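Written below as structure tokens is the structure these notes are about.
The values are calculated or read from the model by the stated rules, or taken from the named source; none is laboratory data. All figures in this text were calculated on a predicted structure; none of them were measured in a lab. With ideal geometry, Cβ positions are generated from the backbone for all residues, glycine too; neighbour counts draw on all protein chains shown. Heads up: the accessible areas ignore ligands, DNA and RNA and are worked out on the full protein's heavy atoms, side chains in. Shrake-Rupley method; radii C 1.70, N 1.55, O 1.52, S 1.80 Å.
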Amino acid sequence: MNAETTPHCTALGFDDKRIQEVLSMLRLGEEHRAIADRIRTQVIAGRADELVDRCFTAFARTRGFSLIERSFGAKSFKRAWINRLRRFGLDFDTKEYFEERLATAAAFARAKIHLSLLHLPYFLTQEILIEALSEKFNDRATTLWPFLNAVLKLTSLDLYLTAEGYRLPELDELEGDLDKLRQETFRLRRRTSIDELTGLMNYAKLMESLEQQINRARRRGHESNPLCLIMSDLDFFKKINDTYGHMVGDLVLRHVAGRIKSATRDFDLIGRFGGEEFVIVMMNTDLALGEAIAERIREGVMKAPFHVKQYNIPVTLSLGVAMLRQGENKESLLERADAAMYEAKRSGRNRVVVASDS
């Protein structure tokens, strides 16, 4: 039986190794398997209903039994008890045996039935078996003792597993709480690292990521791991805001962010530097490839004017490209890309200018 069909064992960590540790702790071995077989064939066979009937009426009067009756039904509970007695000790060293006990306990725990009420049938089963064995072997003490010892050990195993199974709803609840915490942590991290308007990295996250990638390039060597940076700025963005309003201006920024993402690669890092400026960090990218990607971004934005209501607003970008120099820090890299971008502005806008890498 694999982990998919033993979910309760899996949840509580009852793999083959732990099962053997539990059996070793209780000193249950192959000899007890043989004794359990004899108990089923010589004592229980044909008498399971009678043996359970001896104590069921008294058990049904126990405080709390009404909850069992409402949750599972008295007949179903009694039938399960009889079936478990018929299989007493059968395959006790298997994951299937552990799974059945754990699952039953978990079901009772979820029904808010106290553990002591589930333990009681195991104690009563122990008593009726000891009584039946004593009747059968009353004149053979040396024969009787190994049987009694097996009953005590197998009952102890069942009590242990039911107690463990009662933990499962608590673990489920804890896992649910952890899931909520993870989701909240994700939301908080997203709020602190994502620009809410564009969905790109915000300035703080962008600077942190750029620093990390520069350090990575230094460790791995600039020649084998070149790093390029694009600084871009919307052309005439103030005019868009003044003409159409800041709400439309925000939509234009979101539109441009989407076009930039479409024109870049999955592993490129894109962030909003501030206002209408965007930065793209490109790992394993030399200057020629960086320029080609910048040109692709420029064309993608230029060829996709922004449409809203009756307006068809042309949008263009000016872009500056710089490649990380040996020993250069992020401030210097940003300054060179920014200078190249302003050169693109001065020379007519809607163009790409590459900073010298020497």
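The set of residues from region 337-349 being hydrophobic (A, V, I, L, M, F, W, C) and open to solvent by less than 40 Å² (accessible area, probe 1.4 Å) comprises A337, A340, M341, A344. Of the listed requirements (1) surrounded by fewer than 18 Cβ atoms within 10 Å (Cβ to Cβ); (2) assigned to a loop (DSSP other than H, G, I, E, B); (3) at pLDDT 90 or above; (4) not small (G, A, S), D139 misses just one: (3). What pairs come up if the first residue lies in region 113-124 and is farther than 16 Å from L168 by Cβ, the second is crowded, with 17+ Cβ neighbours inside 10 Å and not hydrophobic (A, V, I, L, M, F, W, C), and their beta carbons are under 6 Å apart, counting only those six or more places apart or on different chains? That search, which allows pairs on different chains as well, returns Y122/T155; Y122/D158.
So that you can scan it fast, the table gives a plain yes or no per residue for (1) within 24 Å of I214 (Cβ to Cβ); (2) of a type outside the set (V, I, T); (3) not in a strand (DSSP E or B):
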site: K261; (1), (2), (3): yes, yes, yes
site: R265; (1), (2), (3): yes, yes, yes
site: V279; (1), (2), (3): yes, no, no
site: T285; (1), (2), (3): yes, no, yes
site: A288; (1), (2), (3): yes, yes, yes
site: E291; (1), (2), (3): yes, yes, yes
site: R298; (1), (2), (3): no, yes, yes
site: V301; (1), (2), (3): no, no, yes
site: H307; (1), (2), (3): no, yes, no
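Residue pairs whose Cβ atoms lie under 8 Å apart, separated by 6 or more positions or on different chains, with the first residue in region 266-280 and over 15 Å from E196 (Cβ atoms) and the second open to solvent by 30 Å² or more (accessible area, probe 1.4 Å) and among the aromatic types (F, W, Y), are F273/Y203; V279/F273. Among the residues in region 112-131, are any small (G, A, S) and in contact with a helix residue (DSSP H, G or I) (Cβ under 7 Å, 6 or more places away or on another chain)? Within region 112-131, not a single residue is small (G, A, S) and in contact with a helix residue (DSSP H, G or I) (Cβ under 7 Å, 6 or more places away or on another chain). When the test is whether a residue is closer than 27 Å to A204 by Cβ and open to solvent by less than 70 Å² (accessible area, probe 1.4 Å), A292 does not pass it.
Scanning region 23-40 for residues that are touching a Lys or Arg at 6+ places or on another chain (Cβ under 8 Å) and surrounded by 15 or more Cβ atoms within 10 Å (Cβ to Cβ) yields L26, L28, H32, R40. Residues in region 195-221 that are surrounded by fewer than 17 Cβ atoms within 10 Å (Cβ to Cβ) and outside any helix (DSSP H, G or I): E196, L197, G199, G221.
Under the condition of being part of a helix (DSSP H, G or I) and more than 22 Å from R40 (Cβ to Cβ), the residues counted in region 71-101 number 4. Summed over region 101-136, the residues that are open to solvent by less than 20 Å² (accessible area, probe 1.4 Å) and either more than 12 Å from L159 (Cα to Cα) or under 30 Å from the mean Cα position of the chain (by Cα) (or both) give a count of 11. If I ask for residues that are modelled with pLDDT under 95 and of a type in the set (G, A, S), which ones from region 320-338 would you list? Correct list: G327 only. Would a scan of region 323-337 turn up a residue that is under 12 Å from I230 (Cα atoms), in a helix (DSSP H, G or I) and not hydrophobic (A, V, I, L, M, F, W, C)? Yes - at least one qualifying residue is present in region 323-337.
Yes/no matrix, rows are residues, columns are (1) in a loop (DSSP other than H, G, I, E, B); (2) under 33 Å from the mean Cα position of the chain (by Cα):
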{"position": "C9", "(1), (2)": "no, yes"}
{"position": "F14", "(1), (2)": "yes, yes"}
{"position": "E21", "(1), (2)": "no, yes"}
{"position": "L28", "(1), (2)": "yes, no"}
{"position": "E31", "(1), (2)": "no, no"}
{"position": "A36", "(1), (2)": "no, no"}
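For region 311-323, filtered to residues that are touching a residue at least 24 places away in the same chain (Cβ under 8 Å) and open to solvent by 10 Å² or more (accessible area, probe 1.4 Å), the residue that is farthest from E208 (Cα to Cα) is Y311.
One line per residue, one yes/no per condition, for (1) surrounded by 17 or more Cβ atoms within 10 Å (Cβ to Cβ); (2) of a type in the set (V, I, T); (3) in contact (Cβ under 8 Å) with a residue 24 or more places away in the chain; (4) over 16 Å from K153 (Cβ atoms):
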site	(1), (2), (3), (4)
L12	yes, no, yes, yes
E21	no, no, no, no
I44	yes, yes, yes, yes
F56	yes, no, yes, yes
R61	no, no, no, yes
F88	yes, no, yes, no
Y97	yes, no, no, no
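One residue alone among V301, V281, V308, V352 is among the β-branched types (V, I, T), surrounded by 18 or more Cβ atoms within 10 Å (Cβ to Cβ) and either over 40 Å from the mean Cα position of the chain (by Cα) or at pLDDT below 95 (or both), and that residue is V352.
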